[in-house]
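Report on one structure; see the data block that follows.
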Amino acid sequence: NAAFIGIFAAWMGGPGWEKADDWAALLAAAVIGYSAFRIISSAANDISDASPDPAMEKAVRRIAEAVEGVLGTHRCWICRSGLDYFVELDIVVDGGISVQAGHELAHQVNSEIRSEMPMIARVMVHVEPEEAYGRHAMPWEIAEQEEG
């Protein structure tokens, strides 16, 4: 549309309007450049395994923590591949429950997350006893604990 307007203005405007086509071409080039930037940055985020919107992590944690027997969540990693998301989640449970009960809780958390968030293709749930919470902290978690 910008090119058409520029050509029309140059043609109908007569002398002094010759540059209208050039300005319209610059406007069209800017729109194309902006669109290309948006497409490339979106693709770059997918390729670089960038984290999705923090609201998605909050939703995953909220769903998991609503399951009876889950005392909380610890680590939550979400990545995207194509149109699908993949989740790795630590749930905190009472350390006195059986391995079978922990296993069933993990399956229940998995099912709840996938049923409420169909864009998530896979959920890997790790069961962590409350008594061991923080014992196997990641280096950045240790640094955060020391700072806080």
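The values are calculated or read from the model by the stated rules, or taken from the named source; none is laboratory data. Treat the numbers as computed from the prediction; the structure is a model and nothing was measured. Counting neighbours? That spans all protein chains shown, and the Cβs are built from the backbone with ideal geometry, glycine included.
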Taking only region 87-122 into account, find how many residues are more than 12 Å from VAL67 (Cβ to Cβ) and outside any helix (DSSP H, G or I).
14
Criterion: modelled with pLDDT of 95 or more and under 30 Å from GLU146 (Cβ atoms) - qualifying residue of ALA64, ALA132, ALA106
ALA64
Out of the residues in region 1-53 that are among the charged types (D, E, K, R) and part of a helix (DSSP H, G or I), which is modelled with the highest pLDDT?
ARG38
LYS58 passes all but one of (1) touching a residue at least 24 places away in the same chain (Cβ under 8 Å); (2) in a helix (DSSP H, G or I); (3) within 21 Å of PRO118 (Cβ to Cβ); which number fails?
(1)
Take region 86-122 and flag every residue that is aliphatic (A, V, I, L, M) and touching a strand residue (DSSP E or B) at 6+ places or on another chain (Cβ under 7 Å).
VAL87, LEU89, ILE91, VAL92, VAL93, LEU105, ALA106, VAL109, ILE113, MET119, ILE120, ALA121
